[in-house]
Amino acid sequence: QVQLVESGGGLVQPGGSLRLSCVADREILSFYNMAWYRQAPGNQRELVAIVTVDGRTNYADSVKGRFSISRDNAKRTIYLQMNSLKPEDTAVYYCNRDVAAGPLFAWGQGTQVTVSS
């Protein structure tokens, strides 16, 4: 079973930036469309951004123009650059396969992002 480890979260003021990373424990990410998800308290987990195996990206309307997903297959890592953060971006962020493309890996522990003044 693939292990995914997310990092890079923290407390940031509105308008600030963070860069999240997701590292897999084996060289497998290059074979899959990957995604970032987030879950805020009391809400369902939602899809935030997708990066395909050939580098195409897609974003939820709520983050379009502010977030950027990328991948470095050699480093077994998926990134999420988050700019112009808003309080409503506060959530635990997770990476995983694109749910539309096949069964998910086991969820990692996620990384907490809190946007507050």
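The values are calculated or read from the model by the stated rules, or taken from the named source; none is laboratory data. Everything numeric here is computed off the predicted structure, so don't read it as measured data. Using ideal geometry, Cβ is built from the backbone for each residue, glycine included, and neighbour counts are taken over all protein chains shown. What goes into the accessible areas is simple: the full protein's heavy atoms, side chains included, and nothing from ligands, DNA or RNA. Shrake-Rupley method; radii C 1.70, N 1.55, O 1.52, S 1.80 Å.
Things worth noting here:
- Among the residues of the stretch 90-117, just one is open to solvent by less than 10 Å² (accessible area, probe 1.4 Å) and farther than 21 Å from V5 by Cβ, namely V115.
- V63 vs. criteria of a type outside the set (D, E), out of contact with any Pro (no Cβ under 9 Å at 6 or more places or on another chain) and open to solvent by 30 Å² or more (accessible area, probe 1.4 Å): no
- Boolean, G65 is at pLDDT below 95, at positive phi and more than 14 Å from the chain's Cα centre (by Cα): no
- Among the conditions (1) part of a strand (DSSP E or B); (2) surrounded by fewer than 18 Cβ atoms within 10 Å (Cβ to Cβ); (3) in contact (Cβ under 8 Å) with a residue 60 or more places away in the chain, S68 misses just one, which is (3).
- Hits in the stretch 78-106 (condition: modelled with pLDDT of 95 or more and hydrophobic (A, V, I, L, M, F, W, C)): I78, L80, M82, L85, A91, V92, C95
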